[in-house]
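In what follows, a single structure is set out as structure tokens and then discussed.
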Amino acid sequence: MRNELYTRERERQLSLYPRIDKIEVKYVGKSHPGTLFVMNKGFSTPYSCAMHLSELHCKKSVLALVDGELWDMNKPLTNSCEIQFLTFKDEDPEEVNKAYWRSCAMLLGCVLEQAFKEEYSTTLVRAPEVPVIAGAFCYDVILDSKLDDWKPTEESLRSFTKDIHRLIHQDLPFETLDVDAKVALEILQHNKYKRDMVEQKASQSSERIVKLHRCGNFVDISEGPHIPRTSFCHQYEVTAAHNLQSSQSELIRRFQGLSLPVALKLHHAVWHRLRERSRKLVSEDGRKQVEDKHCISNTESD
């Protein structure tokens, strides 16, 4: 239902451009500086511009800067502007790394929501904005109360990992849509935590606009930006699950993972060390790993 409502809203927004107006997009990157593109307003995206430059630009570009504003590669351009592209190999890849971590967390949420089929309920709570230096990305979920005593095994985590690699191999785009809060509430109507997030984000906007993102059939609320496609991910592993202390009666679990983009390669020994580090519960401030006394790790070995 979320996917259908998202598609309906996207089509409604596209219908606001009954005729094709042209905009001028000036490329101000290091290669081919000053190149001018004549693009279609409301339809053309930064990725469309990258296609006019080279296949290499399409493969390397993770985010765009549109008049200095961070922009998803698949988000339509609505005005004439200056554009440049950001990659993992930039001198300062902070924003690119944050987008990658955010996208990996979204994939984790997508798989967790579907992992238990119809036998048990799964409620997504949120994907905390955890810094890359924390060592892992994460997604907080509430599982069916019947699973309160369930402890994920290494085999369970490997199963989640396999499901995510299926999404990676499908090369799915990350789409973005700015919508009115009323529309977002309708799309996310079955999740009280997401509805609360919509209200929170809407209160920060004078026009009550919030950002939704979609990957495949999975729709989530996120400030973004996100990477262009799932194929930008390479090594990816779901590494841990922790129980969080909470004042509410429902048990919140934080699932964590580690990933590297296809543009970066690591020796297997380094990956192993990073994987072990990623098993520790991460904090949102990124200044330290949360100590065991503040949590209960519930990942068992086979």
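Observations, loosely collected:
- Taken over the range 30-65, the criterion of being more than 22 Å from Gln13 (Cβ to Cβ) and among the basic types (Lys, Arg) is satisfied by Lys30, Lys59, Lys60.
- Residues in the range 112-123 that are open to solvent by 40 Å² or more (accessible area, probe 1.4 Å) and either touching a Leu at 6+ places or on another chain (Cβ under 7 Å) or part of a strand (DSSP E or B) (or both): Glu113, Tyr120, Thr123.
- The range 12-39: number of residues that are basic (Lys, Arg) and in contact (Cβ under 8 Å) with a residue 60 or more places away in the chain: 0
- The condition of being under 30 Å from Ala202 (Cα atoms) and modelled with pLDDT of 90 or more holds for only one of Leu258, Leu251, that being Leu251.
- Residue selected from the range 1-27 under the condition at pLDDT below 95 and aliphatic (A, V, I, L, M), by the criterion surrounded by the most Cβ atoms within 10 Å (Cβ to Cβ): Leu14
- Of all residues in the range 140-170 being of a type outside the set (Val, Ile, Thr), in contact with an Asp or Glu (Cβ under 7 Å, 6 or more places away or on another chain) and closer than 18 Å to Leu281 by Cβ, the one that is modelled with the highest pLDDT: Glu154
- Selection count, the range 120-139, where residues are within 21 Å of Arg158 (Cβ to Cβ) and in contact with an Asp or Glu (Cβ under 8 Å, 6 or more places away or on another chain): 2
- Residues that are within 20 Å of Glu129 (Cβ to Cβ) and of a type outside the set (A, V, I, L, M) within the range 231-244 comprise Phe232, Cys233, Tyr236, Thr239, His242, listed in sequence order.
- Within the range 59-69, not a single residue is assigned to a helix (DSSP H, G or I) and exposed (fewer than 14 other Cβ atoms within 10 Å of the Cβ).
- Every residue from the range 124-139 that is surrounded by 17 or more Cβ atoms within 10 Å (Cβ to Cβ), farther than 13 Å from Ala240 by Cβ and modelled with pLDDT of 95 or more: Leu124, Val125, Arg126, Ala127
Yes/no matrix, rows are residues, columns are (1) part of a loop (DSSP other than H, G, I, E, B); (2) over 21 Å from the mean Cα position of the chain (by Cα):
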position: Leu16; (1), (2): yes, yes
position: Val25; (1), (2): no, yes
position: His32; (1), (2): yes, yes
position: Ser44; (1), (2): yes, yes
position: Lys75; (1), (2): yes, no
position: Asn79; (1), (2): yes, yes
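- Residue that is surrounded by the most Cβ atoms within 10 Å (Cβ to Cβ), among those in the range 78-100 that are touching a residue at least 60 places away in the same chain (Cβ under 8 Å) and in contact with a helix residue (DSSP H, G or I) (Cβ under 9 Å, 6 or more places away or on another chain): Tyr100
- Residue within the range 35-49 that is at pLDDT below 95, hydroxyl-bearing (Ser, Thr, Tyr) and touching a Leu at 6+ places or on another chain (Cβ under 9 Å) present: yes
- Condition check for Gln200: without any contact (Cβ under 8 Å) to a residue 12 or more places away in the chain and not basic (Lys, Arg): yes
- Selection of the range 56-71 for residues being among the charged types (D, E, K, R) and touching a Lys or Arg at 6+ places or on another chain (Cβ under 9 Å) yields only Lys60.
- Members of the range 136-173 found to be closer than 25 Å to Pro228 by Cβ and outside any helix (DSSP H, G or I), listed by number: Ala136, Phe137, Cys138, Tyr139, Gln170, Asp171, Leu172, Pro173
The values are calculated or read from the model by the stated rules, or taken from the named source; none is laboratory data. On a predicted model such as this, the values are computed, not experimentally measured, just so you know. Cβ coordinates were reconstructed from backbone atoms using ideal geometry, including for glycine residues, and neighbour counts include every protein chain displayed. Remember, those area values only see protein heavy atoms, side chains included, never the ligands or the DNA or RNA. Shrake-Rupley method; radii C 1.70, N 1.55, O 1.52, S 1.80 Å.
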